Amino acid sequence: MLRDPEKQVMEKAYARWAPVYDVLCGPVFLNGRRAAAAAARGVGGRILEIGVGTGLSFDDYDATTEITGIDISEPMIAKARGRLTRGRYPYVKDLRVMDAHDLSFADASFDCVVGQFVITLVEDPERVLSECARVVKPGGQIVLVNHLYSERGLAAAVERLLAERARKLGLRPEFPFARLAAWAERHGGTELIERRKVKPFGVYTLVRFRRAEIKRVAA
């Protein structure tokens, strides 16, 4: 398995993607995006979306939510801000250029954190997950959707073969679910509550973690 992607490589890749991202990636990620947003709407309240990109997901939320979006790519955030000028998304409250490795939000700021097609692409996935857990409220959720490594068979062999070339395009097909599960076990403050393939083709996997509630000691 290749090492985790470097921040500079991903920034350059997504600066190139920004002008055509909606047209090329919008339809491809549609089912996964909607599944993640539906899970987040089930939680409701204040939602942080890391790697918000050009704001393609804005249509998938509604007035039961209050959305804050961050992305490391300035060109992507610029397109997302342009989308807000249409006046169709009053529930999108804030968009910022920010690195998910170092979130500038206070502890327990959000009811839910969503990462759509992003956790496999960051330089240190475990650190990003820990930051997500830090800013989500006790009882809140972290919702991820991604293509995860097939692990066996022909699909896994193809993913390994394409891994190095895919990295230059801002993609990473060889990231295993086991890393997410191992992080949750080590972190100790989160539990896995769902892992399922997204219909109709099962190309993407939806993963949900719940932040542990604070146990109160009786007086």
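Structure values in brief
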item: In Hz, Karplus ³J(HN,Hα) per residue of the stretch 104-118 (6.51, -1.76, 1.60; θ = phi - 60°; x = Gly, Pro); result: 9, 10, 5, 4, 6, 8, 10, 7, 7, 10, 10, x, 9, 6, 10
item: Residues whose placed amide H lies under 5 Å from that of GLY140, excluding near-sequence neighbours; result: ARG211
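Read-outs throughout are calculated quantities, based only on the coordinates presented, and are distinct from any laboratory measurement. The shown structure was predicted, so the numbers you read here are calculated from the model rather than taken from an experiment.
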